[in-house]
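One structure is given here, and the rest of the page talks about it.
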Amino acid sequence: MKYSDDIIKLKGIGEKTAKLFRRIGICTTGDLLSYYPRDYQTFSAPVKIAEAAKGDVAAMKLFIPSDFKWKKVHNLTVGSGVGSDGTDKIFLTFFNTPYLKSKLTAGSSYLFRGRVKNENGKYHMDQPKLFTWDEYEEKMGQLQPCYSLTAGLPNGTVVRAVKQAVEGYNEEEYLPEDIVKEYGLMCPGEAIRQIHFPKDWNTLVEARRRLVFDEFFLFLFSIRRMKEYNENLATEYPMIETAWTGRFQEALPYRLTRAQEQVWKEIESDLVSGKCMNRLIQGDVGSGKTILAFLALLLAVSNGYQGALMAPTEILASQHFEQLCQMSERYGLPFRPVLLTGSAGMAAKKKIYRQIEEGEVNVIIGTHALIQEKVIYQNLALVITDEQHRFGVRQRESLGEKGGCAHVLVMSATPIPRTLAIILYGDMHLSVINELPANRLPIKNCVVGTSYRKKAYEFITREVQKGNQAYVICPMVEEGEEGTDDLENVTDYGQKLRSELPEDIHVEILHGKMKSADKKRIMEAFAAGDIHVLVSTTVIEVGINVPAATVMMVENAERFGLAQLHQLRGRIGRGNRQSYCIFINGSGKDTSMERLKILNQSNDGFYIAEEDLKLRGPGDLFGIRQSGAMAFRIADIYQDSDILKRVSITVDSLLEKDRELKDENHAMLKRYLNENAGNFIDFRTI
């Protein structure tokens with residue numbers, strides 16, 4: 001079976017199942033092989049209730065002495081009962097599982113598996129899974145892969161498909177022998193097999209290390225070559241300083257911070273240098289990156305050129321467009337902006353295409369629609385991408401090429417430690433905005449256990465009654481994926497919250513699997529204040545600015561990296577009202593609580609990122625979700641920072657010795673790079 005074969009060629013996959021695979025980005029056998037498990041389950045032998053550690057997942061054989069009680073709470077079916085192991089008892093609760101009414105009968109015993117909680121001396125297990133002894137015995141002692149799924153696609157279907165693909169997979173070693181020996185790397189074919197079906201934990205760690213190495217090596221190799229090309233590239237769009245940018249700053253009702261002033265000097269110096277600007281601005285959410293982007297656009301248009309600003313979501317693009325229009329009108333700026341997004345109708349797009357090509361508009365704001373073939377710019381001199389980690393390198397290049405060597409300015413709110421940023425963005429000059437405007441109130445934070453939920457709901461109610469809004473973040477979209485019994489999901493949580501909060505509080509859900517039009521509608525309604533509480537996945541991490549949102553509550557906060565939690569927290573505190581962030585530690589473990597408390601100590605994203613770097617341990621390889629920064633398929637810049645630093649040195653050394661890869665020991669590497677050109681720098685976004 002070939003790497004490029006359509007997924008439908010695998011046994012047991014028809015058109016209907018293939019469609020579900022395509023929904024999660026799996027179209028070929030190669031896509032399937034690189035669709036790595038997001039976690040692994042270990043099915044340990046059943047234990048007694050008292051032996052189950054607080055907060056851990058455990059299996060236990062329980063006798064049901066009496067029938068479960070079932071009740072309807074709004075649209076939620078709740079079943080509650082008691083199980084006993086002969087010595088102790090445990091309270092069991094099920095949500096939205098009416099089919100269990102006939103299955104759970106008094107006087108019978110069952111094998112339950114779920115997360116055990118000990119609250120006030122009483123044991124609880126919510127939403128446990130039921131198994132027959134044969135089913136459970138078959139899984140015991142193995143590391144079972146758990147994949148990210150979509151509705152209608154069970155984990156077992158993915159496992160069976162991957163087993164077929166792995167059987168026919170073989171890949172030659174492309175790395176030079178000295179590098180393989182230096183790092184003690186597993187061969188690539190074996191790494192793929194073991195990442196999906198590891199024989200034990202140590203083998204899994206080694207397989208992952210090889211795949212992480214490959215991602216970093218190929219990425220950095222490409223970045224270094226791009227740097228050589230871009231370093232001294234003369235611009236086709238020379239600029240001079242104009243009075244417009246100074247007058248604009250003087251007219252603003254506030255002064256730029258010292259950090260903003262310094263970064264603007266760096267941008268302005270680049271634009272008038274005669275060389276192509278290639279600069280990254282790093283700064284926390286709310287640090288004032290957008291006004292610097294507008295100043296750069298103002299310098300470009302006042303020199304007679306066009307500028308483009310690309311945002312990752314339509315709502316963020318719309319907000320930028322509205323803000324620029326308001327400023328243009330208020331301060332008499334020479335902007336002639338247009339908004340171009342994928343949802344615009346064909347007639348509207350044709351008109352915009354003509355306006356861009358003929359130079360009627362000089363600032364084009366939009367999403368990926370800006371890099372479509374039909375978009376022809378008259379004289380695009382400046383390209384700005386917002387929240388750059390949401391775009392692949394190739395997408396950023398595509399927009400830059402539209403201008404034929406245009407100046408490139410990239411903005412990111414992802415707090416990456418400077419040591420890593422220099423490596424990851426080696427092809428760019430780096431600017432950091434390390435202070436917030438003086439009028440921003442610091443967010444008040446608390447890290448609590450699940451027993452605090454009732455108080456949190458009461459607090460959210462009071463905030464909404466004051467005219468404010470709230471986010472609730474869950475790590476999962478829907479219940480059902482194996483290995484996620486302990487995780488809150490948006491679908492069920494939304495229903496539960498509607499039953500807990502007063503009826504006049506409008507609760508809605510939002511997640512990445514929804515249609516674009518539905519996501520846009522809900523985000524706009526929340527921004528307009530029509531929705532009071534938004535239950536969402538991390539899809540809100542970028543792309544929505546709601547000054548009235550004063551509360552963020554993050555469920556299963558222990559499952560996220562600290563840097564990502566900080567970035568999520570940046571969605572609140574955007575107005576002049578006091579804001580609050582509540583991090584719920586769903587694991588109940590003291591180690592998780594201590595780690596999360598770092599968020600109590602500081603609202604400085606760079607400090608938190610550095611602490612995140614120090615705290616990741618071997619046990620966190622698969623437990624903490626991707627940071628959101630530089631969305632590699634398996635590598636994590638925090639968890640794998642040591643590998644990243646070593647690989648950076650290795651790549652530099654290799655290029656210094658044999659820049660053109662002419663040495664016969666590098667023949668396989670050269671062939672591999674030529675055959676896969678462009679595939680390893682355009683990683684998936686999350």
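The values are calculated or read from the model by the stated rules, or taken from the named source; none is laboratory data. Everything numeric in this text was worked out from a predicted model, so none of it was measured. Cβ sites come from the backbone with ideal geometry, for glycine too, and all protein chains shown count toward neighbours.
Side notes on the structure shown:
- The condition (being more than 16 Å from the chain's Cα centre (by Cα) and at pLDDT below 90) is satisfied by just one residue among 636, 620: 620.
- Identity of the residue in the stretch 79-96, among the aliphatic types (A, V, I, L, M) and crowded, with 17+ Cβ neighbours inside 10 Å, that ends up nearest to residue 496 (Cα to Cα): 92
- Filter result for residue 135 (among the charged types (D, E, K, R), surrounded by fewer than 17 Cβ atoms within 10 Å (Cβ to Cβ), outside the structural domain of residue 589 (by TED's automatic domain parsing) and within 26 Å of residue 490 (Cβ to Cβ)): no
- Hits in the stretch 175-198 (condition: in contact (Cβ under 8 Å) with a residue 24 or more places away in the chain and part of a loop (DSSP other than H, G, I, E, B)): 175, 176, 185, 186, 197, 198
- Filtered by the rule that a residue be under 20 Å from residue 196 (Cβ atoms) and either polar (S, T, N, Q) or in a helix (DSSP H, G or I) (or both), the stretch 9-21 gives 9, 17, 18, 20, 21.
- When residues of the stretch 497-520 are limited to those that are modelled with pLDDT of 90 or more and part of a helix (DSSP H, G or I), the one farthest from residue 150 (Cα to Cα): 500
- Of all residues in the stretch 301-326 being surrounded by 14 or more Cβ atoms within 10 Å (Cβ to Cβ) and without any contact (Cβ under 8 Å) to a residue 40 or more places away in the chain, the one that is nearest to the chain's Cα centre (by Cα): 318
Residue by residue, here is whether (1) assigned to a helix (DSSP H, G or I); (2) surrounded by fewer than 23 Cβ atoms within 10 Å (Cβ to Cβ); (3) modelled with pLDDT of 75 or more; (4) not acidic (Asp, Glu) holds:
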residue	(1), (2), (3), (4)
377	no, yes, yes, yes
394	yes, yes, no, yes
398	yes, yes, no, yes
404	no, yes, no, yes
409	no, no, yes, yes
416	no, no, yes, yes
419	yes, yes, yes, yes
422	yes, yes, yes, yes
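- Residue satisfying all of: in the stretch 155-192; hydroxyl-bearing (Ser, Thr, Tyr) and in contact with a Gly (Cβ under 9 Å, 6 or more places away or on another chain); surrounded by the most Cβ atoms within 10 Å (Cβ to Cβ) among these: 169
- Selection count, the stretch 424-457, where residues are at pLDDT 80 or above, farther than 17 Å from residue 609 by Cα and in a loop (DSSP other than H, G, I, E, B): 4
- Residues (touching a helix residue (DSSP H, G or I) at 6+ places or on another chain (Cβ under 8 Å) and of a type in the set (A, V, I, L, M)) located in the stretch 108-129: 111, 116
- The condition (being at pLDDT below 95, more than 30 Å from residue 589 (Cα to Cα) and of a type in the set (Gly, Ala, Ser)) is satisfied by just one residue among 86, 55, 25: 25.
- Considering residues of the stretch 379-392 that are more than 17 Å from residue 338 (Cβ to Cβ) and in a loop (DSSP other than H, G, I, E, B) only, the residue modelled with the highest pLDDT: 387
- Listed conditions (1) out of contact with any strand residue (DSSP E or B) (no Cβ under 7 Å at 6 or more places or on another chain); (2) over 15 Å from residue 407 (Cα atoms) are all met by residue 288, apart from (1).
- For the stretch 57-75, the set of residues classified as within 36 Å of the chain's Cα centre (by Cα) and surrounded by fewer than 16 Cβ atoms within 10 Å (Cβ to Cβ) consists of 72, 73, 74, 75, listed by residue number.
- The set of residues from the stretch 28-49 being closer than 25 Å to residue 214 by Cα and either assigned to a helix (DSSP H, G or I) or modelled with pLDDT under 90 (or both) comprises 29, 30, 31, 32, 33, 38, 39, 40.
- Odd one out for residue 204 among (1) out of contact with any Pro (no Cβ under 6 Å at 6 or more places or on another chain); (2) part of a helix (DSSP H, G or I): (1)
- If you filter the stretch 126-158 down to residues that are of a type in the set (Gly, Ala, Ser) and closer than 22 Å to residue 194 by Cα, you find that the one that is modelled with the highest pLDDT is 156.
- The C-beta contact set for the stretch 589-604 (first residue farther than 24 Å from residue 115 by Cβ and outside any helix (DSSP H, G or I), second residue at pLDDT below 85 and among the acidic types (Asp, Glu), distance under 9 angstrom, 6+ apart or interchain) comprises 602/611; 603/284; 604/284.
- Some residue of the stretch 284-296 being polar (S, T, N, Q), farther than 21 Å from residue 380 by Cβ and buried (at least 20 other Cβ atoms within 10 Å of the Cβ): yes
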